[in-house]
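These notes concern the structure reproduced below.
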Amino acid sequence: MKIAFFDAKPYDLPAFEKYGKKAGVDFKYFETKLNRDTAKLANNFDGVCAFVNDEIDSYVIDSLYEMDVRILALRCSGFNNVDTEHAKGKLRILRVPAYSPYAVAEHAMALLLTSVRRIHKAYIRSKDFNFSLNGLTGFDLYGKTVGVIGTGRIGRVFIDICLGFGMRVLAYDKYPQKDIDNGDTVRNAELVELLECSDIISLHCPLTDETYHIMDEANLSKCKDGVIIINTSRGALVDAEALLLAIKSRKVGAACLDVYEEESELFFKDNSGHIMEDDILARLISMPNVIVTSHQAFLTEEALSNIAEATVNNIIDIRNTGMCKNEI
């Protein structure tokens, strides 16, 4: 099978080449994203492999269908960038529902530790041989309450990590998982209680109509003064403008962001030689209590291998049996 691989990065190739060759799947790599202007590159291919910031709207879907492309293999879990309704009867949409939950959960904790212990500031200072400790005072995570929104695989791993630090956990999920509630260090809670009682809030839920801007002005106002917000899930879970205002008013004490609502034209590429036109992101990055990483929480060798293997297996399942357990 021939698959057009869009938004290809150097770190994608080793794992996809490994599993593709084993399964007889030939990937053609394109650095450009899949969108209205580039869909024509998929001509003469059996399918396309896309990522989170590719734009797969009705126009792209129709273009692919007219070129006899029948498989859309997403190498990610989220699919909010795909017009799934329009794709019905035209494209078989496959995804990777889970890869390494440890990669994302560990990155969330890395961001939190970096923020509360001022590691990023100390690193920059020591490069200038400045070993002063002034302004580097942090606080213990032990005994703090962390609110975890979303208790899927990643959320659960993050909860386990927090318990290892001696933290208390309030967990919120649309479908509460009773088995994680021990009535002591981990409790299921309503969203309002979580917002009002958490010292730290970490987002691990999918982006849906219900979770869009779940951290908006109203919900941020319910939080403790000085709360820390962590988002390693989907950018649009957080209203960035509301977050900016909450930081300026000191309602939010710090923010750790691996995703951003308007990231599609910014993340995954070098913009250092360009003027930042996104004023909100520019102001967030300029703040000393905000850490932004460029959607890299998934980026571990283990996760990349899992993603490639699962994506190839999805394609092979469709080729061999016409069925795939990971079809949307």
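Would you confirm whether any residue within region 131-153 is assigned to a helix (DSSP H, G or I), among the basic types (K, R) and surrounded by 15 or more Cβ atoms within 10 Å (Cβ to Cβ)?
Kept after step one, since they are assigned to a helix (DSSP H, G or I), are these residues of region 131-153: 153.
After this cut, where a residue has to be among the basic types (K, R) as well, the list is 153.
Next, from what is left, pick out any that are surrounded by 15 or more Cβ atoms within 10 Å (Cβ to Cβ): 153.
Yes, region 131-153 contains at least one residue that is assigned to a helix (DSSP H, G or I), among the basic types (K, R) and surrounded by 15 or more Cβ atoms within 10 Å (Cβ to Cβ).
Please work out which residue is nearest to C162 (Cα to Cα), limiting yourself to region 177-201 and to residues that are assigned to a helix (DSSP H, G or I) and in contact (Cβ under 8 Å) with a residue 12 or more places away in the chain. Lay out the reasoning, then the answer.
So in region 177-201, the residues assigned to a helix (DSSP H, G or I) come out as 178-180, 191-197.
The next check asks that each one be in contact (Cβ under 8 Å) with a residue 12 or more places away in the chain; those that pass are 180, 191-197.
Working: I180: 13, L191: 19, V192: 21, E193: 19, L194: 15, L195: 17, E196: 19, C197: 16 Å.
Step by step, filter region 177-201, then rank; the result is I180.
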So, first residue more than 20 Å from I159 (Cα to Cα) and without any contact (Cβ under 8 Å) to a residue 40 or more places away in the chain in region 202-222, second residue in a helix (DSSP H, G or I) and open to solvent by 50 Å² or more (accessible area, probe 1.4 Å), Cβ within less than 6 Å, six or more apart or across chains; the pairs are K222/E196
Pairs returned, first residue in region 302-317 that is touching a residue at least 12 places away in the same chain (Cβ under 8 Å) and open to solvent by 10 Å² or more (accessible area, probe 1.4 Å), second residue that is in a helix (DSSP H, G or I) and not aliphatic (A, V, I, L, M), beta-carbon separation under 6 angstrom, 6 or more apart or interchain, are E309/Y19
Taking region 171-213 and the residues there that are surrounded by 18 or more Cβ atoms within 10 Å (Cβ to Cβ) and β-branched (V, I, T), the one that is nearest to I230 (Cα to Cα) would be I201
Just one listed residue, out of A73, A98, is in a loop (DSSP other than H, G, I, E, B), under 16 Å from N314 (Cβ atoms) and in contact with a helix residue (DSSP H, G or I) (Cβ under 6 Å, 6 or more places away or on another chain), and it is A98
Quick check on region 35-43. Is at least one of its residues of a type in the set (D, E), part of a loop (DSSP other than H, G, I, E, B) and crowded, with 22+ Cβ neighbours inside 10 Å? no
(1) aromatic (F, W, Y); (2) within 17 Å of the chain's Cα centre (by Cα); (3) open to solvent by less than 40 Å² (accessible area, probe 1.4 Å) all hold for F30 apart from (2)
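The values are calculated or read from the model by the stated rules, or taken from the named source; none is laboratory data. Note that the structure is a prediction, hence the values are computed from the model and not measured. Every residue, glycine as well, gets a Cβ built from its backbone with ideal geometry; the counts of neighbours run over all protein chains shown. Ligands, DNA and RNA are excluded from the accessible area calculation, which covers all protein heavy atoms including side chains. Shrake-Rupley method; radii C 1.70, N 1.55, O 1.52, S 1.80 Å.
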